[in-house]
Amino acid sequence: MSTYSHTELQYRIALTMAPDIGPVIARKLLSRAGSAREVFRMSRGTLEKIPSIGPYLSQSIQTSALLERAEKEMLFLEKHHISPLYFEDENYPKRLKECVDAPILLYARGDQGLHTKRALSVVGTRRASSYGKELCRNIVLELGELISDLVIISGLAYGIDVIAHRAALEGKIPTVAVLGHGLDTIYPHAHRETAKKICRQGALLTDFHSGMGPERNNFLRRNRIIAGLADATLVVESAKQGGSLITANMAFTYQRDVLAVPGRATDERSKGCNRLIKKNVAAMVESARDVIDHLNWRDDVARGSQHISENNSFTLQEKQLLELLTIHSGLRPEELCELSGIAIQVVLARLTEMELKRWVFVEPGMLYQTRIHIP
């Protein structure tokens, strides 16, 4: 921990531990004092004169117990190789820095995915259907194949969250899990192994110090960070109420894009997504291509597709079918048969093989699209 000032870090941590001192008030104090250390050196009378502080908050700041707890936290960070990220430092996530209520201090285990060109948060119900799980996985994997320098962000919860993380790990995409507790534990415990993998291929991130467990109210703070870290938030299945809708609405207030996958009107797990779309809070998406089109990531697709095609060799029939799918946006097997002159049984066999290789994907109506654009 010799790379930064122990004293100033200790005061920064102590400030975040002060009762009822949230990010907005903390920033106000730092703006007035100039540093966390100087906040603690201010007299009670001076503190009380600052708007929104008053006698109660000034007393909560001026206690030696905060500095003692902060010193113990510093030892914890050093022992477990956890990086503190201060909101004025270059290593603090740039998108989150734009949010007025972003935490002044974050704790990160792992260092990948915090500064990528593209960032997508993926959230949804804990009780995801098999359809929702598969769609979430396919969207994440396809985005990873088409978009370079991408991170997938979620909250490591059951359901859509962990599916998004695991799909990113499968596709070798950096992924960041934002936690609603300190880094001395993992919740839910069933996702410990996934969390370990995320540390190696992304980061675990939180604004909670050690000893703070997964209390219900903590997840509202967690959701705020999930929304603020990304260019857009994608909701895959959500009931009428729930944390994923809170995250989506937070993203909307941050003037970030919100995307939602539609579902049947009678499906309880789709009512939240359908409402977001109906109220024009979210854009409707059904595939990774829709995500790319809505977010104007097409330039990245061109580069990503070229990279993929350069590293694959194709049979004559595969190349012929891929060339047709590159020229035309969505073709049925019988249309590919007619345009290529290849027998329908062979076309169907080649499409199945290429789908397993994740070179093509099928949309509703048996319309095939390519993930690989042949020059």
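The values are calculated or read from the model by the stated rules, or taken from the named source; none is laboratory data. Model, not experiment: these values are computed from the prediction. Note that each Cβ is placed from the backbone with ideal geometry, even for glycine, and that neighbours are counted across all protein chains shown.
One residue stands out among those in the stretch 316-362 that are of a type in the set (A, V, I, L, M) and not in a helix (DSSP H, G or I): the one that is surrounded by the most Cβ atoms within 10 Å (Cβ to Cβ), which is LEU331.
Return a yes/no flag: does the stretch 219-239 have any residue that is under 16 Å from GLY182 (Cβ atoms) and over 13 Å from the mean Cα position of the chain (by Cα). Checked against the condition, which is being under 16 Å from GLY182 (Cβ atoms) and over 13 Å from the mean Cα position of the chain (by Cα), the stretch 219-239 yields at least one hit. Of all residues in the stretch 175-190, exactly one satisfies the criterion of being in a loop (DSSP other than H, G, I, E, B) and either closer than 13 Å to GLY202 by Cβ or within 13 Å of the chain's Cα centre (by Cα) (or both), namely LEU179. Residue count for the stretch 127-139 satisfying the condition of being free of Cβ contacts under 8 Å to residues at least 60 places away in the same chain and either of a type outside the set (Ser, Thr, Tyr) or under 19 Å from LEU204 (Cα atoms) (or both): 3. I'd like to check something: does the stretch 213-232 contain any residue that is at pLDDT 95 or above and more than 18 Å from LYS97 (Cα to Cα)? The answer is no, given that none of the residues of the stretch 213-232 is at pLDDT 95 or above and more than 18 Å from LYS97 (Cα to Cα).
How about the stretch 251-262: which of its residues are of a type outside the set (Val, Ile, Thr), surrounded by 22 or more Cβ atoms within 10 Å (Cβ to Cβ) and free of Cβ contacts under 8 Å to residues at least 40 places away in the same chain? Result: LEU259, ALA260.
Number of residues in the stretch 211-250 that are of a type in the set (S, T, N, Q) and surrounded by fewer than 19 Cβ atoms within 10 Å (Cβ to Cβ) equals 3. Contact map, the stretch 332-357: first residue within 27 Å of LEU141 (Cβ to Cβ), second residue of a type in the set (Asp, Glu) and surrounded by 13 or more Cβ atoms within 10 Å (Cβ to Cβ), Cβ cut-off under 7 Å, separation 6 or more or different chains; pairs are ARG350/GLU318; MET354/GLU318. Evaluated against (1) without any contact (Cβ under 8 Å) to a residue 40 or more places away in the chain; (2) part of a helix (DSSP H, G or I); (3) not aromatic (Phe, Trp, Tyr), LYS172 falls short on exactly one condition, (2).
Return the only residue of ALA102, ALA70 being at pLDDT 95 or above, among the hydrophobic types (A, V, I, L, M, F, W, C) and in contact with a Gly (Cβ under 7 Å, 6 or more places away or on another chain). Lay out the reasoning, then the answer.
Numbers: ALA70 fails: in contact with a Gly (Cβ under 7 Å, 6 or more places away or on another chain).
Step by step, each of ALA102, ALA70 is checked, and only ALA102 is at pLDDT 95 or above, among the hydrophobic types (A, V, I, L, M, F, W, C) and in contact with a Gly (Cβ under 7 Å, 6 or more places away or on another chain).
Checking TYR158, TYR131 one by one, the residue that is more than 28 Å from GLU215 (Cβ to Cβ) and of a type in the set (Phe, Trp, Tyr) is TYR131 and no other.
Picking from residues in the stretch 14-46 that are touching a residue at least 60 places away in the same chain (Cβ under 8 Å) and not β-branched (Val, Ile, Thr), the one that is surrounded by the fewest Cβ atoms within 10 Å (Cβ to Cβ) is GLY22. Considered as a group, the residues in the stretch 47-61 that are under 19 Å from ASP101 (Cα atoms) and exposed (fewer than 14 other Cβ atoms within 10 Å of the Cβ) include one that is nearest to the chain's Cα centre (by Cα), and that residue is SER52. Exactly one residue out of ALA265, ALA302, ALA288, ALA248 is small (Gly, Ala, Ser) and at pLDDT 95 or above: that is ALA248.
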